[in-house]
Number of protein chains: 4
Amino acid sequence: MIQVGIIGGAGYTAGELIRILLNHPEAAIAFVQSSSNAGNLVDAVHRDLVGETSLTFEADPDLTKADVLFLCMGHGKSKEFIESTSIPASVKIIDLSHDFRLKAEGNDFVYGLPEINRELIRASKRIANPGCFATGIQLAVLPLAAAGLLKNELHVHAITGSTGAGQAPSKTSHFSWRNSNVSVYKAFQHQHLGEIRQSFQQLQNSFDFDVNFVPVRGNHTRGIFASVYTDFEGTAEEAVKLYEDYYASHPFVFVTSENPDVKQVVNTNKAVLYLEKHGSKLLILSVTDNLLKGASGQAVQNMNLMFGLNEKVGLNLKAVAF
Amino acid sequence: MIQVGIIGGAGYTAGELIRILLNHPEAAIAFVQSSSNAGNLVDAVHRDLVGETSLTFEADPDLTKADVLFLCMGHGKSKEFIESTSIPASVKIIDLSHDFRLKAEGNDFVYGLPEINRELIRASKRIANPGCFATGIQLAVLPLAAAGLLKNELHVHAITGSTGAGQAPSKTSHFSWRNSNVSVYKAFQHQHLGEIRQSFQQLQNSFDFDVNFVPVRGNHTRGIFASVYTDFEGTAEEAVKLYEDYYASHPFVFVTSENPDVKQVVNTNKAVLYLEKHGSKLLILSVTDNLLKGASGQAVQNMNLMFGLNEKVGLNLKAVAF
Amino acid sequence: MIQVGIIGGAGYTAGELIRILLNHPEAAIAFVQSSSNAGNLVDAVHRDLVGETSLTFEADPDLTKADVLFLCMGHGKSKEFIESTSIPASVKIIDLSHDFRLKAEGNDFVYGLPEINRELIRASKRIANPGCFATGIQLAVLPLAAAGLLKNELHVHAITGSTGAGQAPSKTSHFSWRNSNVSVYKAFQHQHLGEIRQSFQQLQNSFDFDVNFVPVRGNHTRGIFASVYTDFEGTAEEAVKLYEDYYASHPFVFVTSENPDVKQVVNTNKAVLYLEKHGSKLLILSVTDNLLKGASGQAVQNMNLMFGLNEKVGLNLKAVAF
Amino acid sequence: MIQVGIIGGAGYTAGELIRILLNHPEAAIAFVQSSSNAGNLVDAVHRDLVGETSLTFEADPDLTKADVLFLCMGHGKSKEFIESTSIPASVKIIDLSHDFRLKAEGNDFVYGLPEINRELIRASKRIANPGCFATGIQLAVLPLAAAGLLKNELHVHAITGSTGAGQAPSKTSHFSWRNSNVSVYKAFQHQHLGEIRQSFQQLQNSFDFDVNFVPVRGNHTRGIFASVYTDFEGTAEEAVKLYEDYYASHPFVFVTSENPDVKQVVNTNKAVLYLEKHGSKLLILSVTDNLLKGASGQAVQNMNLMFGLNEKVGLNLKAVAF
């Protein structure tokens, strides 16, 4: 059994990790760290876990008990933690923040998108888990980039559920405001654009086009619906074949022949893609669950790869469907 | 024109008052007070008012400019404000908090439920505006109490929209938690039980039965759906006649012959009641908008009465319906 | 008083018209026609109207009683109705379907978007009321077109509430499916593209660029959030001035300096626009209520203009805000 | 492996069964029958199953391939099916309709609520799976009935998600109507009252009190929140002990010490109960997922028992939580 330690255990992504890991046949939770909740029962915070665990949050767990640490703290905090903490060299790390996603001198983390870096992930000890928007958008584009077919700017519009913003209260997370509401934020400037561009360039060196991205706050809790379009010279059938070939060996990504909806994947680690050709443009729709394929599910997928398991182990999750 | 001053202008009930008063043909807003937002534009806080007002919040308005003050501060704050502020004797007061709802020595406020106290309100200078749950539940029961027909305990279950809890962030107001969720709070102990019992006793001196009240947090923003049942010896037809007679002169309360839904009244000052007889029990369903008939709409209805206007003036509001 | 007849009175847009007209100071409802509901009370179908009207639906009303007819039947039905019905020459017509929106030989209807055709509307007897998406998207672009500044293709993404699809049941209108869901339909092929392009060409003859439009089914009932971007050479300030100048005389359109949300305008006839410049592109966000500015509110605005009234009469509607 | 046949495979409960069974380690789906969808892919109807199954619906499957049949047709249809179909004697049956829930001469089905009939279920070949409301309400009351402590009428209010009403379109399942809405139906007359009373009498022969039940249509898709209160002479602590003892051996029912919410159990087979004492009354809150513990999850729990498996096998489902 893989012994798992979770750092920053009170937030949404940590809760989701715990939900997955409690049923993972090859992993056990060694500890769940939380400064603010130390001493409290885990199921008093993640209340759906009632009856499933008797774990309590620990302030300063013994890190040597873990084979792998999941870092679920806020952005910027992972770097701080790693710099200030003595982590045994044998302990693998999967970081869910954006701290190590961009390549930089001295950054030895591998970008943990299995659909682009699977072999690197298998060989790595440190993974930077991708952002939620970044995952949904990249999956919609990777086959084009891998084939060197990005020939013009991309137009991206993606609608996210509220859990993407975490549990800190804010004006835009207030139910009275957000219910039945729609709004845009950080248009053309979302922080995930960096990792998105980096991946496109990894696959297609020459890539230097604009990625016009309008992120939308949706009126739901889970799921990202991304629509992407760009110039594509081939036919719809050629596009579908390109995508099916690219994802043939990737067990969580599916190309569908019907207009998709986000509830097809909510509470699963799946991504569903759908393609249409209009004039000179290829439209790609992509649906993912921001807390699973967009965060904690993908983190477990990465863990599976790092420990030599089938990447699907523990991730055959029942969709909520409704 | 009635000159209106609003104290505590940044909250939900104040916003709703402003929305109504900007279109009220016999009233004008003299000032909107807010300590936290002094100097800010009113439509920067109540953003739906864009294009409708150029008012700014004032910290210390000149109270002599007002004919009537609406107090929209938190519970407990109205009493403090009145005790610490020199309010000209000519200025009428309508308080939306619970500070003056219960009869007590030295409390000269009239309980502002027009369907029980209309003549007193007309003659009064100080009104304690009822609570939202209290309004919906009382309207479901007043005809029975007025006829001395309450013979046993009452069973009350009422589901409220999130705006009833105001805009302060809390765990239960977070969209990620509240969306698609249902929960109960303060069962049998809600603070509105005092004013509810007080009204029943006003109409039926002998009333001394339990009011079993289970309040529910609904997954919507506006509207209270109350179901009430108690023993009733007559037929359904007799009950309907009793209710229709009682409310014949009250322009906002309607007895319907179809099972109601809360969106029939959302964004209006109306209450819709519906009656069924089952065995020995009379079931009364009552739907109201917690921010209108349950708060600011009723406050304006009270203002209309206090200033000798028809109580409907300014309150012919278009339902949102969907 | 303008005597109004409504043809096809049981649907959503008819209900909304009735809600507005019952409080309109210069109009009265002469009759509400419905074949399927003939003989039924209007408030038995539009249940929020309880207590506001005693009208019943009529199968074959006397059209001479009306000064103006609103046609609220399905698309294709208006043409049929006009061809098969003897309508007195003096009776004005406002058609809410798409039957007469596109210019064609023999089509003497004026396209009823006051922000482009106000003077024509005032002089017209027959109005083709614009589509809901078409309204929100055009308002986002008209100032650019009027200034001849459309220089490249447009990228449009718009999310609509469910009422835009009417009340006929369908898989995508089922609550269990649609709640918390997001999906796209008719991408690049929505039927409103015709009227949108027609208006752009009316203002900027040379306009011949693609309008790439991705329509989205949102998880709310009312409101359209449209985001549009295209090339623009000027600064953000210049764009704001262009828009403010264009809409200075139009009382329902506002340019705001804050990122908008759709609930700012729900249950009002307003449109709120917001501009940002990013690189070479101008982003315009536009929020409207699809049943009001996108349908019945705009229809009443057109009626006001046709009868020489101020276009705002009867349209000072209280926002639902939450 | 248990070979499972599903009859009536296109509806909500069948979809949920398939979701569970595809990941059940001891069961395999032999066939999914559907008349209306014969020949179609199962994942074309239950679209979240994309990538998980290549099954197609069959009109007339070979029933001998199955060890157990789940009947997922509408109420009334199960009886018809059994009477008109030659089902091999060895094939077990779990019926999800209400056709066999009430004891009657010639009805050899066991009522499939494991928390009351576990041993009977283990020995049975035919199970009548309980109704969704009936499950949530009974679990709130069974310990009292088993101890003979029901001494007066019960007051029950339960709010259900829309999936409880199935996928047939109706006025009250239309998103535009139901979103943000609340309504009551079949008050005091819901069809589940029969099975509820039958179970109470099974445990407490003398039970003959009213069960006053107000069912509510909630504004969510999954989950039932039931509140029940009745007279109870003991203390809150005694009640908690009574409930904990009763459910100690039942792995899906938990007594919690915090006010519960329905999303604690959505997408799981769990029931969470919570108790409070107020005056002479005991309040019990009960949350369940109507499609799982209230339907298909419980059906699989029954299958597990009938085939000698641990009742939790295949039912360690990840909560959706948000």
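Inside the stretch D:6-35, residues that are open to solvent by 10 Å² or more (accessible area, probe 1.4 Å) and of a type in the set (A, V, I, L, M, F, W, C) make up a count of 5.
Scanning the stretch D:286-305 for residues that are buried (at least 24 other Cβ atoms within 10 Å of the Cβ) and away from chain A (no Cβ under 14 Å) turns up D:Gln298, D:Ala299, D:Gln301, D:Asn302, D:Met303. Of the listed requirements (1) farther than 25 Å from A:Ala168 by Cα; (2) touching a strand residue (DSSP E or B) at 6+ places or on another chain (Cβ under 7 Å), A:Phe100 misses just one: (1). Being more than 8 Å from chain C (Cβ to nearest Cβ) and in contact with a Cys (Cβ under 9 Å, 6 or more places away or on another chain): is that true of D:Thr160 here? Answer is yes for this residue. A:Asp245: farther than 16 Å from A:Leu17 by Cβ and in contact (Cβ under 8 Å) with a residue 40 or more places away in the chain, yes or no? The answer is yes for A:Asp245. Quick one: B:Ser257 ticks every box in (1) open to solvent by 10 Å² or more (accessible area, probe 1.4 Å); (2) in contact with an Asp or Glu (Cβ under 9 Å, 6 or more places away or on another chain) except a single one, so which number is it? Only one criterion is unmet by B:Ser257, namely (2). Within the stretch D:172-187, the residues that satisfy the criterion of being in contact (Cβ under 8 Å) with a residue 24 or more places away in the chain, facing another protein chain (nearest Cβ under 7 Å) and on the phi < 0 side of the Ramachandran plot are D:Arg178, D:Asn179, D:Asn181, D:Val182, D:Ser183, D:Val184, D:Tyr185, D:Ala187. For the stretch D:205-218, filtering for residues that are open to solvent by 10 Å² or more (accessible area, probe 1.4 Å) and closer than 25 Å to D:Glu276 by Cβ leaves 3.
Criterion first (open to solvent by 10 Å² or more (accessible area, probe 1.4 Å), within 11 Å of another protein chain (Cβ to nearest Cβ) and at pLDDT 95 or above) does A:Gly314 satisfy it? It is true that A:Gly314 is open to solvent by 10 Å² or more (accessible area, probe 1.4 Å), within 11 Å of another protein chain (Cβ to nearest Cβ) and at pLDDT 95 or above. Against the definition (closer than 19 Å to A:Ala168 by Cβ, within 14 Å of another protein chain (Cβ to nearest Cβ), in a helix (DSSP H, G or I) and in contact with a Cys (Cβ under 9 Å, 6 or more places away or on another chain)), how does A:Ala10 come out, yes or no? For A:Ala10, the condition - closer than 19 Å to A:Ala168 by Cβ, within 14 Å of another protein chain (Cβ to nearest Cβ), in a helix (DSSP H, G or I) and in contact with a Cys (Cβ under 9 Å, 6 or more places away or on another chain) - is not met. The residues of the stretch D:1-24 that are closer than 24 Å to A:Phe322 by Cα and not hydrophobic (A, V, I, L, M, F, W, C), listed by number, are D:Gly5, D:Gly8, D:Gly9, D:Gly11, D:Tyr12, D:Thr13, D:Gly15, D:Glu16, D:Arg19, D:Asn23, D:His24. Just to be sure I understand the filter: pairs with C-beta atoms under 9 Å, separated by 6 or more residues or on different chains, first member in the stretch A:79-105 and touching a residue at least 24 places away in the same chain (Cβ under 8 Å) and not assigned by TED's automatic domain parsing to the domain that holds A:Gly9, second member aromatic (Phe, Trp, Tyr) and part of a loop (DSSP other than H, G, I, E, B). Which pairs pass? Every condition considered, no pair remains. What strands (runs of 3 or more DSSP E) completely inside the stretch C:36-145 contain at least 2 residues that are buried (at least 18 other Cβ atoms within 10 Å of the Cβ) and β-branched (Val, Ile, Thr)? Per the criteria, C:92-95.
The set of residues in the stretch D:168-200 being open to solvent by less than 70 Å² (accessible area, probe 1.4 Å) and either in the same structural domain as D:Gly112 (by TED's automatic domain parsing) or more than 30 Å from B:Asp289 (Cα to Cα) (or both) consists of D:Ala168, D:His192, D:Leu193, D:Gly194, D:Glu195, D:Ile196, D:Arg197, D:Gln198, D:Ser199, D:Phe200. Mind listing whichever residues of the stretch A:20-35 are touching a Ser or Thr at 6+ places or on another chain (Cβ under 8 Å) and outside any strand (DSSP E or B)? Once the filter is applied, which keeps residues that are touching a Ser or Thr at 6+ places or on another chain (Cβ under 8 Å) and outside any strand (DSSP E or B), the stretch A:20-35 yields A:Ile20, A:Leu22. All told, C:Ser34 falls short of being within 30 Å of B:Val287 (Cβ to Cβ), modelled with pLDDT of 95 or more, within 14 Å of chain B (Cβ to nearest Cβ) and touching an Asp or Glu at 6+ places or on another chain (Cβ under 9 Å).
The values are calculated or read from the model by the stated rules, or taken from the named source; none is laboratory data. If you're wondering where the values come from, they're calculated on a predicted model, not measured in any experiment. Ideal geometry is used to build each Cβ from the backbone, glycine not excepted, and the neighbour counts take in all protein chains shown. These area figures cover heavy atoms from the full protein model, side chains too; ligands, DNA and RNA do not enter into them. Shrake-Rupley method; radii C 1.70, N 1.55, O 1.52, S 1.80 Å.
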